[in-house]
Amino acid sequence: MEKPHIAVVPSAGFTHLVPILEFSKRLLSLHPRFQVTCLIPSVGSSLSTSSQSYLQTLPPTIHPILLPPVSKEHVQAEQSLAVQIELSVTHSLPHIKQELSSLCSRARVVALVVDVFAHDALQFATEFNLLSYIYLPQAALILSWYLYSQELDEILFSENRDPEESIEIPGFVPMHSRDLPFQSRSSPGYRKFLERAEKFHLPDGVFVNSFHEMEASTINALRDEIRQKKRKTVVYPVGPITQSGFNGRENGSECLNWLDEQEPESVLYVSFGSGGTLSQDQLNELAFGLEQSGKKFLWVLRPPNNIASASYLGGEADDPMRFLPRGFLERTSKKQGLVVPLWAPQVQILGHSSTGGFVCHCGWNSVLESVTNGVPVIAWPLFAEQSMNAVILSDALKVAVRPKANDSRLVEREEIARVARELMDGKEGIEIRKRMKSLSIAAENAIKEDGPSTKTLAEVVATWK
Ligand SMILES: O=c1ccn([C@@H]2O[C@H](COP(=O)(O)OP(=O)(O)O[C@H]3O[C@H](CO)[C@@H](O)[C@H](O)[C@H]3O)[C@@H](O)[C@H]2O)c(=O)[nH]1
């Protein structure tokens, strides 16, 4: 008899495709009695080359179906990247419905799992009588923030509020409101964020890519609220699920060969994810700061102020090397550091024994890749929920240092050199490194056969009849 299907809907862009497919891979490796059909939206002329190459690596029990791409004009008018990604799904709804209908007519489908930005597709769960789930490729704290958003709205934007007063999300450490992504009700994407938060009440549960030891008090607080019937959204921590080694682009051997020549844990890896960029001034400060620190570095360089969505949604990037300060490459090249343009094999770099620290924008995938490899972090959030992730690492878990910006929000070269030295050789760095190593053991245990994340997933799957 044919294996029952799980229908999976990612949202557009490499970073929203890979996490939900890595989740699907893990699901099928633990529960091979199912197969997955993945309905993939995209923007522009076609799927990006990296996404296409990634799809080639999938096991045969995951069936990708490429939906007709949404025209760029339909999404680009929106300022917020999250909303652009969300619209890629909204405009694909007729195709998603058509494919689901065709799948349900020829096979047994037991559940629908959608990416957080593909929540519009949840409407089909009732129509096709499917159990439904959101896959949030982020921290449990982010789920808490969504669920608590109405209460937070009243607290944050009340007239008499002291902006210095910290805010408390249930179970989490007190946090400054500047670490939340929205600073006013008129911030781009805020209204859509509140609408998205409402959707978390629809599915049968939310999978988060986190694990108990990383966010114990937040997860416990979410579960207490369910027990006390204050909320009905059930949280399932199933992580850490990280990319299993797919690189997809060039620069691989250059980085790894160079790392092979370095001392153990001596290199700071510097990267701001798939779309993060710095201003030209900030890029200069980072270059001088790395140089002044005297520490070895491997820097994945992007051109300044490149629109983040260009790389998410299939745009081309400029050559970044010409934006480095004059003479920088000549002074540092190979001896102190290696600079590679645009992309590097991050998973392999973080797993290399010479890598001893990560200047990280705190995108959640990068955070988990650092945690699973036991690499301590210099937390340098740029946009989206990254500042909240930075607070998890620096304040809650104390496995990261966070450089301070000046009044113009620039992190100056002296500060960069200071945190680099502190992390790599300082007293605080030693403690941070120890804590990160024990967190990496907890991460490994979470996904072992009898680990909490494995058991949680098994409990859910047991209900799929
Ligand atoms: O040179 C590079 C740069 C990135 N990566 C990989 O690309 C992914 C990047 O993901 P992530 O660290 O999560 O960063 P973003 O691409 O910026 O992620 C977006 O999606 C995340 C998950 O929803 C959010 O946490 C972020 O805020 C949001 O910017 C990771 O797997 C990296 O290993 C590489 O392999 N090589």
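Read the figures in this text as sums done on the coordinates, not as results from a lab. These numbers come from a predicted model, not from an experiment. Cβ coordinates were reconstructed from backbone atoms using ideal geometry, including for glycine residues, and neighbour counts include every protein chain displayed.
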Taking amide H atoms as placed 1.01 Å from N in the peptide plane, list the residues 5 or more away in sequence, or in a different chain, whose amide H sits under 5 Å from that of Leu338.
Phe297, Leu298, Trp299
For the range 174-189, in residue order, the Karplus 3J(HN,Hα) values (coefficients 6.51, -1.76, 1.60; θ = phi - 60°; whole Hz; Gly and Pro = x) are x, 10, 6, 5, 5, 7, 8, x, 10, 9, 7, 5, 9, 4, x, x
How many lysine pairs are close in the range 250-443, with Cα atoms under 13 Å apart and the two 8 or more places apart or on different chains?
6
Distance in nm between label sites at Arg326 and Asn445, each 7 Å beyond Cα in the beta-carbon direction?
5.7
Arranged by the count of other C-beta atoms within 10 angstrom, fewest first, what order do Ser394, Ser210, Ser253 take?
Ser253, Ser394, Ser210
Cβ-based exposure ranking for Val270, Val18, Val399, in which fewest neighbours within 10 Å come first
Val18, Val270, Val399
How many angstrom separate the Cα center of the range 425-465 from the Cα center of the range 163-239?
20
Amide H contacts under 5 Å for Val359, restricted to residues at least 5 apart in sequence or on another chain and with H modeled in the peptide plane, are Tyr269, Val270, Ser271, Ile378
Sequence ranges 435-445, 107-117, ranked by mean other-Cβ count within 10 angstrom, highest first
107-117, 435-445
Is the range 250-443 best put as rounded, prolate or oblate by its Cα gyration tensor, with a ≥ b ≥ c the root eigenvalues, rounded for a/c under 1.5, and otherwise prolate when a/b is larger than b/c, oblate when not?
rounded
Computed ³J(HN,Hα) along the range 373-382: with the Karplus parameters 6.51/-1.76/1.60, θ = phi - 60°, integer Hz and x for glycine or proline, the list is 9, x, 9, x, 10, 9, 8, 10, x, 10
With θ taken as phi - 60° and the coefficients 6.51, -1.76 and 1.60, list the Karplus ³J(HN,Hα) couplings across the range 395-402 in order, rounded to whole Hz; mark glycine and proline as x.
8, 7, 9, 6, 10, 8, 9, 10
Sorted by Cβ density within 10 Å, fewest first, the residues Glu412, Glu428
Glu428, Glu412
For Cys38, the residues 5 or more places away or on another chain with a placed amide H closer than 5 Å to its own amide H are Val8, His63, Ile65
